[in-house]
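Since the structure comes first, as structure tokens, the remarks are kept for the end.
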């Protein structure tokens, strides 16, 4: 009984009582996420590697976003963690089949911590469409430059752009 009195999980934990600094904090965190996603896309284009540090930074900022959003620990925060684990599991399977890079899988799992499942579904659709465009451009570039072997597709670009789309929606909806 003492434990439940201190763990009031039915009431969302807010950064402030009136919620205003929470709204500003959400925008700041979303802008940080967008910056990290741009960095992920750029590094994936340059070296076909998405840094573990970058993925960890994206994942570690998500709980701050949850707090700024007033997400209750149960069930919402727990569902976000489960969603991240689920996305990691599905795309790790694709990695095991050689269909995705490890950095792409970790990036998707980190991004999954930020968005509810409905938005994540939209992200996956946008990512697939953009991924087709990125693949087409990469293959054409590979053929034009007469490179030997299979082209390495920087799929982190499609993942990052799709996530930036969702970030932009959330930032602009603040002012609607």
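Summary of values
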read-out: Folded to 0 to 90 degrees: helix 78-96 orientation relative to the chain principal axis, Cα; value: 20 degrees
read-out: Rg followed by Dmax, in Å, when the stretch 34-132 is reduced to its Cα trace; value: 13.5, 41
read-out: In degrees, nearest ten, helix 52-69 long axis to first principal axis of the chain (Cα); value: 30 degrees
read-out: Cα-projected label distance for residue 172 with residue 148, points at 7 Å along beta-carbon direction, nm; value: 4.7 nm
read-out: Answer label, with Cα extents along the principal axes in Å calculated from the coordinates and candidates (1) 45, 35, 28; (2) 68, 35, 26; (3) 95, 23, 22; value: (2)
read-out: Acute angle (nearest 10 degrees) that the helix 20-47 long axis makes with the longest principal axis of the chain, alpha-carbon atoms; value: 20 degrees
read-out: Length gained when the stretch residue 136-residue 94 is fully extended (0.36 nm per residue, less Cα-Cα span); value: 13.1 nm
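Each reported figure results from applying straightforward, stated rules to the coordinates on display, with no laboratory input. Given the structure is predicted, the values throughout are model-derived calculations rather than measurements. Glycine also receives a Cβ, built like all others from the backbone with ideal geometry; neighbour counts cover every protein chain displayed.
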